[in-house]
Each structure stands twice: as C-alpha cells, then as structure tokens.
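Written below as structure tokens is the structure these notes are about.
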Amino acid sequence: MANCHEMKPGDIYYCEKCGLELKVEKSCSCSPGGGDSCTVPLSCCGQEMTKK
C-alpha cells in the first residue's frame with residue numbers, strides 16, 4: 001500500500017495497469033492517524049500503485 005507518510009524523496013511508484021510512474025520529490029509532512037493526515041493510498045486505474 002502506497003501511503004504518503006511512508007514515501008521518501010527518490011521513491012518511484014507505478015501503475016501495473018497503464019504504466020504511469022510517479023517520482024517522489026518531497027516527503028509528505030502529515031502524521032499518520034492525525035487530523036491532518038492523507039486519507040487514501042496512492043492509486044491509478046482503480047488500483048493501488050506499487051513502489052519500484
């Protein structure tokens with residue numbers, strides 16, 4: 001599962017269905033479980049993206 005608080009600069013995530021790739025340039029500053037945390041895993045084409 002690709003959650004933003006686990007992503008580090010340089011990580012690459014891709015979609016196994018369409019081939020889209022995203023490279024992390026800056027880490028997310030939210031805290032997991034906090035009121036300001038992101039609520040959904042990174043997804044594309046209706047499925048979660050995978051770390052390369």
* **Anchor K52: lysines whose Cα lies under 16 Å away (excluding residues fewer than 8 positions away in-chain)** => K8, K17, K23
* Could you give me the ³J(HN,Hα) list for segment 11-20, computed from phi with Karplus coefficients 6.51, -1.76, 1.60 and θ = phi - 60°, whole Hz, x at Gly and Pro? -> 5, 10, 10, 9, 9, 6, 8, 10, x, 4
* Asked: What are the aspartates and glutamates whose alpha-carbon lies under 20 Å from the alpha-carbon of K51, with same-chain residues fewer than 8 places away excluded?
  -> E6, D11, E16, E21, E25
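Every number in this text was worked out from the coordinates using simple rules, so none of it is lab data. From a predicted model like this one, the values you see are computed outputs, not experimental measurements.
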